Amino acid sequence: MPPEPGRLIAANVVRWRRYGEGGQELRPGTKSYRGGSKVYVIDTYAGTGHEALTTIGRGRHTGRYITIDMATRHLHTFRAVPVHSPTVLRLCAEAGVGGCWNTREDAEELAARLARLAAEYRGSWWAGVPHPTPCRCHDCLTGQALTAG
């Protein structure tokens, strides 16, 4: 019997992220996910201020679904979505962390909180360090670096 459809929080991996000494290098996506990849958040760590999340998404190198913990600052566009993919639901159940939210309102509330925290963590991670020139990091591409400074 297939798992029951549920509601998860989806997000996208930042296309470019700052990296290296002083954040002067840019790297596409993350080590595990391509930039722009859609991932599903199945667990958060409230005790650490949601700085890390457990995600399910298609891996960069294999294209197969993987389950990993990753930094919240590497994600954007958090949203609550219904999930019908049997593979995603199976991996969520196998992880044993809950993952599916009971109500749409709960999922949307957490998605909004994670979006605020991700932007805050991206801004504070390299605080006081100038961006490389030219910069294609998520904040510069979306214009948030100009308003945050």
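The values are calculated or read from the model by the stated rules, or taken from the named source; none is laboratory data. In this text the structure is predicted, and so the values were computed from the model without any measurement. All Cβ positions, glycine included, derive from the backbone under ideal geometry; neighbour counts span all protein chains shown. For accessibility, only protein heavy atoms count, side chains too; no ligands or nucleic acids. Shrake-Rupley method; radii C 1.70, N 1.55, O 1.52, S 1.80 Å.
Within the stretch 39-85, which residues are part of a loop (DSSP other than H, G, I, E, B), of a type outside the set (Val, Ile, Thr) and more than 25 Å from residue 139 (Cα to Cα)?
Initial filter on the stretch 39-85 (part of a loop (DSSP other than H, G, I, E, B)): 45, 49-51, 59-64, 84-85.
Then keep just the ones that are of a type outside the set (Val, Ile, Thr); that gives 45, 49-51, 59-61, 63-64, 84-85.
Residues satisfying the conditions are 61, 63, 64, 84, 85.
Checking residue 81 against (1) open to solvent by 30 Å² or more (accessible area, probe 1.4 Å); (2) at pLDDT 90 or above; (3) aliphatic (A, V, I, L, M); (4) under 16 Å from residue 7 (Cα atoms): exactly one of these is not met. Which one?
The number of the failed condition is (1).
Checking the conditions here, which among 54, 72, 77, 87 is of a type in the set (S, T, N, Q), under 16 Å from residue 10 (Cα atoms) and without any contact (Cβ under 8 Å) to a residue 24 or more places away in the chain?
After applying the criteria, what remains is 87.
Would you pick out the residues in the stretch 51-65 that are of a type outside the set (Asp, Glu) and open to solvent by 20 Å² or more (accessible area, probe 1.4 Å)?
52, 58, 60, 61, 62, 63, 64, 65
So which residues in the stretch 45-58 are modelled with pLDDT of 85 or more and not charged (D, E, K, R), if there are any at all?
Result: 52, 53, 54, 55, 56, 57.
Considering only residues that are of a type outside the set (Lys, Arg) and closer than 21 Å to residue 64 by Cβ, which ones fall in the stretch 7-35?
8, 10, 11, 12, 13, 28, 29, 30, 32, 33, 35
Condition first: in contact (Cβ under 8 Å) with a residue 40 or more places away in the chain, within 14 Å of the chain's Cα centre (by Cα) and surrounded by fewer than 20 Cβ atoms within 10 Å (Cβ to Cβ). Now tell me which residues in the stretch 31-50 satisfy that.
Scanning the stretch 31-50 gives 43, 50.
Could you tell me whether residue 147 is under 25 Å from residue 15 (Cβ atoms), open to solvent by 40 Å² or more (accessible area, probe 1.4 Å), at pLDDT 70 or above and not aromatic (Phe, Trp, Tyr)?
No: the conditions fail for residue 147.
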